[in-house]
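S.K.: Dropping the structure in here first, questions after.
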Amino acid sequence: LPSFASAAESTPAPFKVNQNVPNPFNPATSISFSLAAPGNVKAEVFSAAGQKIATLLNAAMKAGNHTVTWNAERFSAGIYFCTITAGNASKTVKMTLLK
């Protein structure tokens with residue numbers, strides 16, 4: 001009999017970005033995400049004014065679950081946004097830095 005478990009396990013999860021943890025945070029936070037297929041991934045942090053202030057990740061990654069961490073020690077308290085882009089998909093999470 002064929003095993004269907006292996007077929008189900010090999011089905012890639014869709015592109016997904018989770019809310020950063022912890023949030024609010026000080027000084028570091030982590031954002032986890034899932035990729036359905038291998039490809040280049042970019043994780044960028046923007047200020048509330050829309051200015052790019054950090055690139056956390058810009059690399060080829062394999063399909064599966066990943067986590068990126070941002071240490072905001074040298075940034076002031078406030079609202080920030082992290083956009084993760086993989087291929088044509090992208091998602092932004094709102095992060096609150098407390099000091």
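Here is a yes/no grid of residues against (1) of a type in the set (A, V, I, L, M, F, W, C); (2) open to solvent by 30 Å² or more (accessible area, probe 1.4 Å):
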site: Ala36; (1), (2): yes, yes
site: Gln51; (1), (2): no, yes
site: Leu56; (1), (2): yes, yes
site: Asn65; (1), (2): no, yes
site: Val68; (1), (2): yes, no
site: Phe75; (1), (2): yes, yes
site: Ile84; (1), (2): yes, no
site: Gly87; (1), (2): no, yes
site: Val93; (1), (2): yes, no
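S.K.: Now, a different point. Given the structure, is Thr67 free of Cβ contacts under 8 Å to residues at least 24 places away in the same chain and of a type in the set (Ser, Thr, Tyr)?
M.R.: no
S.K.: Considering only the range 86-96, I want to know if a residue exists there that is in contact with a Pro (Cβ under 7 Å, 6 or more places away or on another chain) and in contact (Cβ under 8 Å) with a residue 12 or more places away in the chain.
M.R.: yes
S.K.: May I ask you to list the residues in the range 50-99 that are closer than 17 Å to Gly39 by Cα and of a type in the set (A, V, I, L, M, F, W, C)?
M.R.: Leu56, Leu57, Ala59, Ala60, Met61, Ala63, Val68, Ile84, Ala86, Ala89, listed by residue number.
The values are calculated or read from the model by the stated rules, or taken from the named source; none is laboratory data. Keep in mind that what you see is a predicted model, and the values were worked out from it rather than measured. Positions of Cβ are backbone-derived with ideal geometry, glycine not excepted, and every protein chain shown enters the neighbour counts. To get the accessible areas, we keep the full protein, side chains included, count just its heavy atoms, and leave off ligands, DNA and RNA. Shrake-Rupley method; radii C 1.70, N 1.55, O 1.52, S 1.80 Å.
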